[in-house]
Amino acid sequence: MSQLSCSYVRLSTFLFIKVKIGWDFKYFCAILKVKRLFSIAVTVLLAGVLAFADDRPKIGQNYPNPAKEKTFVDVEFNSSEATITLSNILGEIIYVQKVPRSGTYTINVTEIPEGVYFFTLAADGQKVTKKLTVKK
């Protein structure tokens with residue numbers, strides 16, 4: 001079953017509509033001219049596909065943050081494998097974890113000193129980085 005969500009912005013007598021269908025993140029748009037205010041009678045001036053599936057890797061903010069013993073990270077990517085790395089503010093890599101598929105992964109921070117770190121998801125030839133704070 002497909003999930004459908006829709007949002008719009010009204011600019012004067014024109015509407016811009018963005019529709020997300022399912023989990024593919026496909027977006028369609030239509031610029032509509034309202035013939036009568038508060039009426040569903042509209043004229044489609046322009047419609048089409050704005051963008052195809054967003055294939056960029058995604059990494060959510062870790063939780064809890066600040067982390068004390070362990071933290072969880074949600075990742076989403078399309079390649080067969082990706083890597084999560086944790087580096088300090090000097091750019092030194094202190095933790096590496098291979099991840100075989102999208103999902104939620106645990107990073108154990110019990111052996112890591114208190115401070116600010118950056119975790120990076122490298123997948124599909126791209127990198128995404130977020131900040132992590134370790135507090136004991």
Output for segment 105-123, where each listed residue is out of contact with any Leu (no Cβ under 6 Å at 6 or more places or on another chain) and part of a strand (DSSP E or B): Y105, T106, I107, N108, G115, V116, F118, T120, L121, A122, A123
Checklist (1) without any contact (Cβ under 8 Å) to a residue 24 or more places away in the chain; (2) β-branched (V, I, T); (3) over 27 Å from D55 (Cβ atoms); (4) in contact with a Ser or Thr (Cβ under 6 Å, 6 or more places away or on another chain) applied to I93, failing item: (3)
Residue within segment 124-135 that is of a type in the set (D, E), in contact (Cβ under 8 Å) with a residue 40 or more places away in the chain and either surrounded by fewer than 17 Cβ atoms within 10 Å (Cβ to Cβ) or not in a strand (DSSP E or B) (or both) present: yes
Residues of segment 56-85 satisfying the condition of being among the basic types (K, R) and either outside any strand (DSSP E or B) or in contact with a Gly (Cβ under 6 Å, 6 or more places away or on another chain) (or both): R56, K68
Flag for F52 being exposed (fewer than 11 other Cβ atoms within 10 Å of the Cβ), under 21 Å from the mean Cα position of the chain (by Cα) and at pLDDT below 95: yes
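The values are calculated or read from the model by the stated rules, or taken from the named source; none is laboratory data. All figures in this text were calculated on a predicted structure; none of them were measured in a lab. All Cβ positions, even for glycine, are placed from backbone atoms using ideal geometry, and neighbour counts span all protein chains on display.
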